[in-house]
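One structure is given below, encoded as C-alpha coordinates.
The values are calculated or read from the model by the stated rules, or taken from the named source; none is laboratory data. In this text, all values refer to a predicted model and were calculated from it rather than measured experimentally. Methodologically, a virtual Cβ is constructed for each residue, glycine included, from the backbone with ideal geometry; neighbour enumeration extends over all protein chains shown. Protein only, heavy atoms only, side chains kept; ligands, DNA and RNA dropped before computing areas. Shrake-Rupley method; radii C 1.70, N 1.55, O 1.52, S 1.80 Å.
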Amino acid sequence: VQLQASGGGLVQAGGSLRLSCDAPGHTFNTYAIAWFRRAPGKRREFVAAISWNDGNSRYANSVKGRFTISTDNAKNTVYLQMNSLKAEDSAVYLCAVDKHGSIWGAVYEYDYWGQGTQVTVSS
(Lines give C-alpha, C1' and ligand atoms only; values in the text may rest on other atoms or scores of the structure.)
Protein backbone atom coordinates (compact mmCIF):
# COMPACT_ATOMS: atom_id res chain seq x y z
CA VAL A 1 0.00 0.00 0.00
CA GLN A 2 1.52 3.30 -1.07
CA LEU A 3 0.34 6.23 1.01
CA GLN A 4 0.37 9.81 -0.18
CA ALA A 5 0.36 12.64 2.34
CA SER A 6 -0.24 16.19 1.22
CA GLY A 7 -1.41 19.57 2.45
CA GLY A 8 1.59 20.75 4.38
CA GLY A 9 3.00 24.23 4.11
CA LEU A 10 4.08 27.35 5.91
CA VAL A 11 1.58 29.00 8.25
CA GLN A 12 1.71 31.56 11.01
CA ALA A 13 1.14 30.60 14.61
CA GLY A 14 -2.56 30.44 15.32
CA GLY A 15 -3.35 29.44 11.77
CA SER A 16 -4.76 26.23 10.30
CA LEU A 17 -3.84 23.56 7.81
CA ARG A 18 -5.56 20.42 6.61
CA LEU A 19 -3.47 17.40 5.72
CA SER A 20 -4.70 14.59 3.50
CA CYS A 21 -3.66 10.97 3.22
CA ASP A 22 -4.83 8.61 0.52
CA ALA A 23 -3.75 5.37 -1.11
CA PRO A 24 -4.26 5.48 -4.89
CA GLY A 25 -5.54 2.18 -6.19
CA HIS A 26 -6.17 0.82 -2.73
CA THR A 27 -8.97 1.09 -0.20
CA PHE A 28 -8.48 1.45 3.51
CA ASN A 29 -10.99 -1.33 4.25
CA THR A 30 -10.69 -2.31 7.90
CA TYR A 31 -7.47 -0.48 8.58
CA ALA A 32 -6.54 2.05 11.18
CA ILE A 33 -4.85 5.15 9.82
CA ALA A 34 -2.64 7.37 11.89
CA TRP A 35 -0.66 10.56 11.65
CA PHE A 36 2.80 10.79 13.16
CA ARG A 37 5.25 13.63 13.04
CA ARG A 38 8.99 13.94 13.13
CA ALA A 39 10.77 17.15 14.06
CA PRO A 40 14.51 17.62 13.52
CA GLY A 41 16.48 15.93 16.27
CA LYS A 42 13.38 14.33 17.79
CA ARG A 43 11.85 10.91 17.73
CA ARG A 44 8.81 10.10 15.65
CA GLU A 45 5.77 11.15 17.64
CA PHE A 46 2.20 9.88 17.50
CA VAL A 47 -0.35 12.57 16.65
CA ALA A 48 -3.74 10.94 15.98
CA ALA A 49 -5.31 7.73 14.72
CA ILE A 50 -8.71 6.68 13.44
CA SER A 51 -10.40 3.37 12.74
CA TRP A 52 -11.78 3.25 9.20
CA ASN A 53 -14.54 0.86 10.27
CA ASP A 54 -16.12 2.55 13.24
CA GLY A 55 -14.55 5.99 13.31
CA ASN A 56 -13.06 5.60 16.77
CA SER A 57 -10.15 7.94 17.20
CA ARG A 58 -7.51 8.98 19.65
CA TYR A 59 -5.13 11.90 19.96
CA ALA A 60 -1.86 12.79 21.55
CA ASN A 61 -2.36 15.07 24.54
CA SER A 62 -0.32 17.76 22.83
CA VAL A 63 -2.89 18.15 20.03
CA LYS A 64 -6.19 17.37 21.76
CA GLY A 65 -8.75 20.08 21.17
CA ARG A 66 -6.75 21.55 18.29
CA PHE A 67 -6.46 18.72 15.75
CA THR A 68 -9.22 16.57 14.29
CA ILE A 69 -8.76 13.36 12.34
CA SER A 70 -11.53 12.27 10.00
CA THR A 71 -12.29 10.05 7.04
CA ASP A 72 -14.01 10.54 3.71
CA ASN A 73 -15.18 7.13 2.55
CA ALA A 74 -16.15 8.32 -0.91
CA LYS A 75 -12.65 9.68 -1.50
CA ASN A 76 -10.85 6.99 0.48
CA THR A 77 -8.99 9.75 2.23
CA VAL A 78 -8.05 10.55 5.80
CA TYR A 79 -7.74 14.16 6.89
CA LEU A 80 -5.99 15.87 9.75
CA GLN A 81 -7.45 19.29 10.41
CA MET A 82 -4.95 21.30 12.41
CA ASN A 83 -6.11 24.49 14.10
CA SER A 84 -4.43 26.91 16.50
CA LEU A 85 -1.05 25.81 15.23
CA LYS A 86 2.01 26.46 17.34
CA ALA A 87 5.67 26.66 16.44
CA GLU A 88 6.24 23.33 18.20
CA ASP A 89 3.88 21.66 15.73
CA SER A 90 6.47 22.17 12.99
CA ALA A 91 7.55 18.79 11.68
CA VAL A 92 7.27 16.36 8.81
CA TYR A 93 3.86 14.73 9.15
CA LEU A 94 3.54 11.13 8.02
CA CYS A 95 0.48 8.98 7.63
CA ALA A 96 0.62 5.30 8.39
CA VAL A 97 -1.64 2.27 8.23
CA ASP A 98 -2.16 -0.52 10.72
CA LYS A 99 -3.76 -3.25 8.62
CA HIS A 100 -5.04 -4.95 11.76
CA GLY A 101 -7.26 -1.96 12.48
CA SER A 102 -6.03 -0.96 15.92
CA ILE A 103 -5.77 2.71 16.80
CA TRP A 104 -3.71 1.81 19.89
CA GLY A 105 -0.68 0.37 18.16
CA ALA A 106 2.85 1.49 18.83
CA VAL A 107 4.82 3.06 16.01
CA TYR A 108 6.51 -0.23 15.12
CA GLU A 109 3.13 -1.91 14.66
CA TYR A 110 2.20 0.20 11.66
CA ASP A 111 2.61 -1.66 8.41
CA TYR A 112 2.73 1.03 5.74
CA TRP A 113 4.07 4.58 5.75
CA GLY A 114 3.75 7.56 3.46
CA GLN A 115 6.59 9.88 2.55
CA GLY A 116 5.44 12.78 4.70
CA THR A 117 4.51 16.39 4.21
CA GLN A 118 6.32 19.32 5.80
CA VAL A 119 4.45 21.62 8.18
CA THR A 120 6.22 24.78 9.27
CA VAL A 121 4.63 27.13 11.78
CA SER A 122 6.24 30.54 12.14
CA SER A 123 6.00 32.30 15.48
For this session: Please give, to one decimal in nm, the separation of the simple spin-label points placed at Thr27 and Val107, each 7 Å out from Cα toward the Cβ.
Result: 3.2
Problem set entry | Reachable lysines, given that their alpha-carbon falls under 24 Å from the alpha-carbon of Lys99 and they are not under 8 places away in the same chain | Lys75
Exercise. Hey, quick one: spin label on Ser6, modelled 7 Å out along Cα-Cβ, who in region 66-104 has an amide N within reach, i.e. under 19 Å?
Worked result: 70-82, 92-97
For this session: Could you tell me the distance between the Cα centroids of region 57-76 and region 1-46, to the nearest Å?
Result: 10
Exercise. Ignoring ligands, DNA and RNA, what percent of the accessible area of the chain is carbon or sulfur (1.4 Å)?
Worked result: 45
Exercise. Taking a probe of 1.4 angstrom, what is the accessible area of Lys86 in Å², to the nearest 10?
Worked result: 90
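Using only alpha carbon positions, build the gyration tensor of region 1-98, then give the equivalent ellipsoid semi-axes as the square roots of 5 times its eigenvalues, largest first, whole angstrom.
Numbers: eigenvalues 96, 36, 34 Å².
Here the semi-axes work out to 22, 14, 13 Å.
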For this session: Would you mind getting the accessible area per residue of the chain, heavy atoms of the protein chains only, 1.4 Å probe, in Å²?
Result: 51
Exercise. Amide H of Gly101: which non-local residues (sequence gap of 5 or more, or other chain) have their own amide H closer than 5 Å, using H built in the peptide plane?
Worked result: Ala32
